[in-house]
1. If you scan the range 140-154, which residues turn out to be buried (at least 17 other Cβ atoms within 10 Å of the Cβ) and part of a loop (DSSP other than H, G, I, E, B)?
2. State whether one or more residues within the range 107-119 are aromatic (Phe, Trp, Tyr) and touching a helix residue (DSSP H, G or I) at 6+ places or on another chain (Cβ under 7 Å).
3. Restricting to the range 19-40, what's the tally of residues that are loosely packed, with under 10 Cβ neighbours inside 10 Å and modelled with pLDDT under 90?
4. Within the range 80-111, track down each residue that is of a type in the set (A, V, I, L, M) and touching a residue at least 12 places away in the same chain (Cβ under 8 Å).
5. Have a look at 129, 137 and point out the one that is touching a Lys or Arg at 6+ places or on another chain (Cβ under 8 Å) and part of a loop (DSSP other than H, G, I, E, B).
6. Pairs, please: C-beta under 6 Å, at least 6 apart or cross-chain, first residue farther than 23 Å from residue 88 by Cβ and crowded, with 17+ Cβ neighbours inside 10 Å and in the range 112-136, second at pLDDT 80 or above and polar (S, T, N, Q)?
Amino acid sequence: MKRQEIRNRGGERGQALVETALTMPLLLLLLLGAAELARVAYAAIEISNAARAAVQYASQSTGTMHDVPGITTAAQNDASNLTGVTVSVSPGNSCSDSSTYNPLTKGCTGTFGQLLPNVTVTTSVNFDPMLYMPFLPNTITLHGQATEDCGGCL
């Protein structure tokens with residue numbers, strides 16, 4: 001009886017090796033996909049933080065609010081791991097009481113609203129994935145945007 005059990009087990013020796021060989025490509029593809037997703041998430045966080053750093057620089061005073069080269073440098077320094085970062089700066093106005101700004105009267109629509117100058121910085125970068133798959137784009141454009149009131153402008 002023991003000889004027959006040993007013979008049956010002997011026929012199953014290569015089964016684990018075959019199963020591993022069949023599932024290994026799928027596991028590697030999942031691992032590479034997870035790594036690529038992590039790279040995209042990191043770049044998205046990096047470009048958003050670059051917009052935040054640039055708007056913090058811009059909101060220091062009236063002079064820095066219109067210093068586009070300085071704002072661009074602040075964004076690019078913060079996103080030093082990314083190449084090809086583009087920066088767009090838009091000065092504007094907002095109201096302290098959350099009412100809307102009327103550009104015709106250059107004032108707030110609310111009764112007690114105080115006009116606050118603000119600046120909006122939009123950053124973008126083209127991200128190239130490591131893996132090229134036919135159902136995914138070859139380049140992904142990531143955007144970041146931040147708006148802040150100019151604290152030293154009043």
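1. 150, 153
2. No.
3. 0
4. 82, 85, 87, 89
5. The conditions single out 129.
6. From residues that are farther than 23 Å from residue 88 by Cβ and crowded, with 17+ Cβ neighbours inside 10 Å, the pairs are 113/99.
The values are calculated or read from the model by the stated rules, or taken from the named source; none is laboratory data. Owing to the predicted nature of the structure, the values given are computational and were not obtained by experimental measurement. Cβ coordinates were reconstructed from backbone atoms using ideal geometry, including for glycine residues, and neighbour counts include every protein chain displayed.
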